[in-house]
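Remarks on the structure that follows.
The values are calculated or read from the model by the stated rules, or taken from the named source; none is laboratory data. All figures in this text were calculated on a predicted structure; none of them were measured in a lab. We place every Cβ from the backbone using ideal geometry, glycine too, and count neighbours over all the protein chains shown. Surface accessibility is based on the protein's heavy atoms, side chains included, excluding ligands, DNA and RNA. Shrake-Rupley method; radii C 1.70, N 1.55, O 1.52, S 1.80 Å.
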Amino acid sequence: MSEKTFALKGDICYSKSPGELRILRRGYVLFRGGLCLGAFDSPPAEFGEITVKDYGDSLIIPGLVDLHTHAPQFVCRAKGLDRELLEWLESTAFPQEARYGELSYAEAAYKHFVADVVNGPNTRMCLFGTLHVPATKALMDMLEESGLVSFVGKVNMDRNAPAYLCESSAGESGDATVAWIKETLGRYRNVSPILTPRFIPSCSEELLGRLGSLQKGYALPVQSHLSENLSEIEWVKQLHPDCSCYGAVYDKYGLLPEGGRTIMAHCVHCPEEELRLLKDRDVFIAHCAQSNVNLSSGLVPLRSYLDRGMKVGLGSDVAGGYTTSILRAMADTIQMSKMYQCCGHPEEKPVTLKEVFHLATAGGGAFFGRVGRFERDYEFDAVVIDDSTYNPLIELSMEERLERAMYLSEGSHIVQKYVRGREIK
Ligand code: GUN
Ligand code: FE
């Protein structure tokens, strides 16, 4: 028996390219067995019998992708944000993460995080956990249960961290990572492990070398932070005077594997050489606009990254950011990009609504494969948003409705969400 074919009916909008929206008012997006069959004005006969779910004139868009966030920091979001990155790590992030050494605390806290994301507009995520293996496995179990798709990292950190949140040696950190990989790789349908050195200052050279070997041995993807904040970059220079840029340190230890397997968060202050390295290695940049402001990291030359054809997606970077919603990250990205133009770069045009919608869906989605568009053989992730309550007494185009959903909903008007063809809300 072949699988049933479904259609969602409503006001459909997705990004075909950074400059082009495809819009179907009262259209149909079809899917079968987790895969999309395309979006149509009326259902084509070739697909036979179709079960239609009619969402009236709600907006139907692809699921949004969060390429970078910290699950354990969710419960302490919006705290200590008058500080700069390194100070905030010490005062707020590290003490919070240390609590995940206690499994019962981790389970209670991660429940809040997962519930928030299930109710919001994101369908896929790349997450940092903490250095604790039992807590990270608990997070992976909960995410699998939720139906969301995610990469999750047990964090590695064996130096330059407070004793209460630091692995005792490269050996201990590497061994714990191997045990965690063996337990989680291939275990889940929707959750996969990803290697996660916290950032260069928190990993010894021996640990970076071990992680590089694990990358090769298990062909795992990698995520970390890169060139986020000026004081952090200065610190990396002092720790690795032999490397010509921050990114070159990851590369030296084999942590920028080719083939689109790496995500580097922030990339605020990348020198030319580093950008060339990222492009050469096919690295995804997770652009985290809200966190970059909150932690005094800076404004990103995003237009030039797009012009260079860099791979870019959006990240909420909770708790440098204080909301998980990638709708909010889209709005923050436009605002940041306008500030970049104002602050000394009049020739750099700000990014447009169409462009940020592309980054939030197909841009970040590409890290997961064929994700982020309502086109044939893409995985079927969708968000249905009832925007009627905040659009009274006003005539709007579909593009304007998308814009208002981005600024006004942040995920509070989501009526249904689909991930790989499955209803998850
Ligand atoms: N760099 C190293 N750790 C972190 C973190 O937890 N958040 C952010 N924004 N940057 C980091
Ligand atoms: Fe981060």
key: Of the criteria (1) open to solvent by 30 Å² or more (accessible area, probe 1.4 Å); (2) within 16 Å of ligand 2 (Cβ to nearest atom), which one G217 fails   = (2)
request  = Kindly list, by first and then second residue, each pair from a residue in region 101-130 that is free of Cβ contacts under 8 Å to residues at least 24 places away in the same chain and closer than 19 Å to T323 by Cα to a residue that is within 16 Å of ligand 2 (Cβ to nearest atom) and not in a helix (DSSP H, G or I), limited to pairs with Cβ atoms under 8 Å and residues at least 6 apart or on different chains.
outcome  = none
inquiry  = I'd like the residue in region 2-20 that is small (G, A, S) and over 19 Å from D41 (Cβ atoms) and, out of all such residues, is surrounded by the fewest Cβ atoms within 10 Å (Cβ to Cβ).
reply    = S2
message = Let me spell it out: the conditions are (1) within 16 Å of ligand 2 (Cβ to nearest atom); (2) part of a loop (DSSP other than H, G, I, E, B); (3) of a type in the set (G, A, S), and G344 meets all of them except one. Which number is the exception?
response = (1)
message = Let me spell it out: the conditions are (1) over 29 Å from Y305 (Cβ atoms); (2) assigned to a loop (DSSP other than H, G, I, E, B); (3) open to solvent by less than 50 Å² (accessible area, probe 1.4 Å), and K79 meets all of them except one. Which number is the exception?
response = (3)
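For the structure I just gave you, tell me whether E234 is within 16 Å of ligand 1 (Cβ to nearest atom), free of Cβ contacts under 8 Å to residues at least 40 places away in the same chain, more than 20 Å from the chain's Cα centre (by Cα) and open to solvent by 10 Å² or more (accessible area, probe 1.4 Å). It would help to see each step written out before you state the result.
Working: within 16 Å of ligand 1 (Cβ to nearest atom): yes; free of Cβ contacts under 8 Å to residues at least 40 places away in the same chain: yes; more than 20 Å from the chain's Cα centre (by Cα): yes; open to solvent by 10 Å² or more (accessible area, probe 1.4 Å): yes.
Criteria met by E234.
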query = Looking at (1) open to solvent by less than 50 Å² (accessible area, probe 1.4 Å); (2) away from ligand 2 (no atom under 15 Å from the Cβ); (3) touching an Asp or Glu at 6+ places or on another chain (Cβ under 8 Å), can you tell me which one S291 breaks?
reply = (2)
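Go through region 253-335 and tell me which helices (runs of 4 or more DSSP H), entirely inside it, have 2 or more residues that are farther than 18 Å from F128 by Cα, more than 13 Å from ligand 1 (Cβ to nearest atom) and without any contact (Cβ under 8 Å) to a residue 40 or more places away in the chain.
Ranges flagged: 272-280, 302-307.
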